[in-house]
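The values are calculated or read from the model by the stated rules, or taken from the named source; none is laboratory data. Just so it is clear, the structure is predicted and the values come from calculations on it, not from any experiment. With ideal geometry, Cβ positions are generated from the backbone for all residues, glycine too; neighbour counts draw on all protein chains shown. The accessibility values were calculated without ligands, DNA or RNA, using every heavy atom of the protein model including side chains. Shrake-Rupley method; radii C 1.70, N 1.55, O 1.52, S 1.80 Å.
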Amino acid sequence: MTADSVRLVRVLLPLPLGRGYSYAVPDELRVSPGDFVSVPLGTRKVIGVVWDGEAEEVPAAKLKAIAGKLDCPPMVEATRRFVDWVASYAMAAPGSVLRMAMSVPEALAPPTPIRAFAALPSPPEIMMTPARQRVLDVLVGGPPRPASELAREAGVGVSVVKGLADAGLLISVDMAPPASFTPPDLDAPGPTLSSDQQTAADDLAAKATEGGYSVTVLEGVPGSGKTEVYIEAVRAALLAGKQALVLLPEIALGAQWLDRFRQRFGVLPAIWHSEVPMAQRRATWRAVATGEAQIVVGARSALFLPYQALGIIVVDEEHDASFKQDEGVIYNARDMAVVRAHLGEIPTVLVSATPSLETANNAETGRYGLHVLADRHGGAALPDIHVVDMRAEKMDSGNWLSPQLVKALGETFAAKEQALLYLNRRGYAPLTLCRACGHRLKCPSCTAWLVEHRLIDRLQCHHCGYSMAKPKACPECKVEDKLFACGPGVERLAEEVTRLFPEVTFTVAASDTIRSASEAQELVRRIEDREVDLIIGTQIVAKGYHFPYLTLVGVVDADLGLEGGDLRAAERTFQLLYQVAGRAGRAERPGRVFVQTFMPENKVMKALSVGDRAGFVAAEAEERRDHGMPPFGRLAGVILSSVDARAVDDAASALNRTAPRGQGMEILGPAQAPLAVLRGRHRRRFLVKADRNVNLQRRLADWIARTRVSDRVKVQLDIDPYSFL
Ligand code: ADP
Ligand code: ZN
């Protein structure tokens, strides 16, 4: 066999290797780009996708042939282009991105058919029992049915059916398993929309109906009906025969959203996130590929599902930092949703009460469309926000709730209403200190303090998961009983609340107490049924909920997110506090919010107290523009890590010598990362700042390619970084 007498195709494999390999196509096989095929690689067989573009010539001796084609709908062109695009943007191997799009290899095989039975047209004469006769009677004129169903309908044991089949009196046929996704009911009426809502809904629905690329920002205060509006756009896409994707940041907590969806369309959507069990993942992946699953609600990875005909993408809470994936292939699902919409020529909707500066800027310059819902539905008033100056409050040591907030809590409970205490810190105390020698308990493999979790009685590292029992003696000076918990976490607030309001029922809601969708659902139910008076929670309770009796929100430490000098610290803190505040007073009951801070003069607190979101955003944008920061300039992080501190320092020096400074690019560093050691690996960082017109990826690739770095050092590139740790 010579290479030029055979047909060659390029096959991309879901592995971090090259750009795909050439394979010969056996004569009897028809393949086209997008087909899933099984190919030999070394001594094993792997599944890949026939990719577009010329296959490279391969010496005949090395050329291998495709082993077979899988019985699975091909990956559509938009998805293939998307895989290539993400790889080149994120500077990752295309195979690594393909792997995300093939996350459930089991789903590539069709589901096992169900054996069913039908009656023979002219059955031979055999011995008939009444039971056998009943089975045959049931089958007459009806469709084939599985043995168990047949037995049930005929009121006989399964063995009777089996006996008939063995005697050759039944024909066995293979039936496709029943559909696992019932189509949504698109005729069910929705709520009557307000005129602002209707305008936005009409525009989005028209875009979904017509198709074509567009990005529209749907901005509106919490409770203004954004969800109701985009559900109309989803409906329009489905009516046009397309699939819809709704991305949510923390899917496990979308319980209320899912319920609304069911109320509107009569069925639950397909759900996609890391905790979905394997069997369901498999069914979902396949149903998305066949087009049977029409609506997918999922976390960021849902973007990489093999849609047959995606017609709209909604990104709810588009400003949320959890859309950024910081490991493996580093990408921002919000940004990639826009790319996917572009490649698929479909509309996308970015939804938020507090759009990110990047998105707001795109709306302002007209690149994105914009709808603003200014009022809360039903005219519910936005809550009053009181900034509590903690410097002026008289606080006993070991207490974190100010007298003002305690008074408001008392009033709320007396009125039989609910309150939320928000503190974005899990556990009991963020730091344990020895009162004898001043030693602080630290993680052995990270630059991080150990956090005390009293509910499980452990000290834990929140970066690597290391944990230990709380020692009796200080590990440093060996003095006993002097270890002291510093600062509060949600568990410690619970203690304070119990002292202050012993009769009040409360629940602690953090990612370590609410671990699954069902636990989240149970939490929502308990709050809705008013089984709890008080919720003490981290950011998992900050978004998306409507609790009509929740009228008081206390932000215990508003300054928490402002430390660290992160580019988006102020923006993120504002967004979070604004969201949390939005939990108060959703229905006819007005809400109150108390924000405790030691920095009342900080711009975030000032803007919150006067309710000036627009002014805050404009000032932030101005500052970013002055400093050439995103979205007015580009950023990339270069993170070096190694178990060997020498090796990582050598690599940092080498990269520093070859750094492509100038021509619109500025390179800061190398510097020790704030998380200088993580899971035992030493870390150094560069921060690359570039003008908007610089081809950042090209320059970074050249830089890395011409620098010799020991293979003991891992080099990670983070385009558009959100974390600077
Ligand atoms: P957002 O997504 O902006 O926070 P939602 O869409 O969740 O707002 O709406 C807040 C609450 O108001 C929900 O309970 C929703 O069902 C209700 N709502 C919004 N618009 C309408 C409307 N036009 N008719 C009836 N109920 C509405
Ligand atoms: Zn650690």
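The alpha-carbon positions of segment 542-691 define a convex hull whose volume is 139 Å³ per residue. The calculated Kirkwood hydrodynamic radius for segment 102-147 is 13.5 Å, given to one decimal from all distinct C-alpha pairs. Using θ = phi - 60° in the Karplus curve 6.51 cos²θ - 1.76 cosθ + 1.60, the 3J(HN,Hα) couplings for segment 55-69 round to 7, 6, 5, 10, x, 3, 5, 9, 5, 10, 9, 4, 7, x, 10 Hz; x is entered for Gly and Pro. Note on segment 1-55: with charges restricted to the Cβ of Lys and Arg (+1) and Asp and Glu (-1), its dipole about the Cα centre is near 240 debye. Protection proxy ranking of 528-534, 83-89, by the mean of other Cβ atoms within 10 Å over each peptide's residues and highest first, is 83-89, 528-534. Spin-label point model (7 Å from Cα, Cβ direction): what's the Ala473 to Ala67 distance in nm? Each label point lies 7 Å from its Cα, and together they span 6.1 nm. Summing Lys and Arg as +1 and Asp and Glu as -1 over all other residues whose Cβ lies under 14 Å from the Cβ of His463 gives a net charge of +3. What does the charge count around Leu170 come to, taking other residues whose C-beta lies under 12 Å from its C-beta (Lys +1, Arg +1, Asp -1, Glu -1)? Residues close to Leu170 contribute a combined charge of +3. With 20 Å as the limit, the listed pairs Lys416/Lys606; Lys45/Lys714; Lys207/Lys242; Lys442/Lys482; Lys394/Lys416; Lys394/Lys482 have Lys416/Lys606; Lys45/Lys714; Lys394/Lys416; Lys394/Lys482 beyond it between alpha carbons. Compute log10 of I(q)/I(0) for segment 665-725 with the Debye formula, placing one identical point scatterer on every Cα and leaving out solvent, at q = 0.30 Å⁻¹, to two decimals. Ignoring solvent entirely, the Cα scatterers give -1.48. Per-residue ellipticity at 222 nm from helix content only, as computed over the chain with -39500 (n - 2.57) for each DSSP H run of at least four residues, stands at -9000 deg cm²/dmol.
With a ≥ b ≥ c the root eigenvalues of the C-alpha gyration tensor of segment 428-537, is it rounded (a/c under 1.5), prolate (a/b larger than b/c) or oblate? Judged from the Cα gyration tensor, segment 428-537 comes out oblate (a/c at least 1.5, b/c at or above a/b).
The residues of the chain expose on average 45 square angstrom of accessible surface per residue, using a 1.4 Å probe on protein heavy atoms. Here the simple spin-label model places points 7 Å from the Cα toward Cβ, and for Arg367 and Asp389 these points are separated by 4.2 nm. Surface composition of the chain: carbon and sulfur make up 52 percent of the accessible area, probe 1.4 Å.
Placing unit charges on the Cβ atoms of the charged side chains and taking the dipole of the chain about its Cα centre, the candidate lying farthest along the positive direction among Gly225, Ala299, Tyr23 is Tyr23.
Can you give me the C-alpha center-to-center distance between segment 332-354 and segment 432-485, rounded to a whole angstrom? One Cα centre to the other: 44 Å.
Taking the square roots of five times each eigenvalue of the Cα gyration tensor of segment 114-175, the equivalent ellipsoid has semi-axes of 15, 13, 11 Å, listed largest first. Within the shell defined by Cβ-Cβ distances under 10 Å, the residues around Gly225 carry a net charge of -1, with Lys and Arg each +1 and Asp and Glu each -1. Taking amide H atoms as placed 1.01 Å from N in the peptide plane, the amide H of Gly225 lies under 5 Å from those of His377, each 5 or more residues away in sequence or on another chain.
Comparing Ile313, Val39, Leu405 along the charge dipole axis of the chain, the residue lying farthest to the positive side is Val39, per the Cβ-charge model.
One compactness figure for segment 1-98 is 1.04, namely its Cα radius of gyration divided by 2.2 N^0.38 Å. Sorting the segments 365-371, 491-497 by their residues' average number of neighbouring beta-carbon atoms within 10 angstrom, most packed first, yields 491-497, 365-371. Unpaired cysteine residues in the chain (no second Cys Cβ under 4.7 Å): Cys72, Cys464, Cys486. If the segment from Leu15 to Asp259 were pulled out straight at 0.36 nm per residue, it would be longer than the present Cα-Cα gap by 84.0 nm.
The packing ranking, built from the mean of other Cβ atoms within 10 Å per residue, places the peptides 333-339, 433-439 in the order 333-339, 433-439, highest first.
A simple charge model with +1 on the Cβ of Lys and Arg, -1 on the Cβ of Asp and Glu and nothing else charged puts the dipole of the chain at about 2040 debye relative to its Cα centre. Dividing the radius of gyration of the alpha carbons in the chain by their Kirkwood radius gives 1.02 for Rg/Rh. By DSSP, the beta bridges lying fully in the chain are antiparallel in about 55 percent of cases.
Length gained on full extension, Glu503 to Glu563: 18.0 nm, using 0.36 nm per residue less the C-alpha separation.
Sorting Arg568, Arg260 by solvent-accessible area of protein heavy atoms yields Arg260, Arg568, largest first, with a 1.4 Å probe. Considering only Val580, Pro630, Ala618, the residue lying farthest towards the positive end of the dipole of segment 578-658 is Val580, judged by Cα position with unit charges set on Cβ.
How many nm separate the modelled label positions at Arg530 and Asn656, each set 7 Å beyond the Cα in the direction of the Cβ? Reported label-point gap for Arg530 and Asn656 is 6.4 nm.
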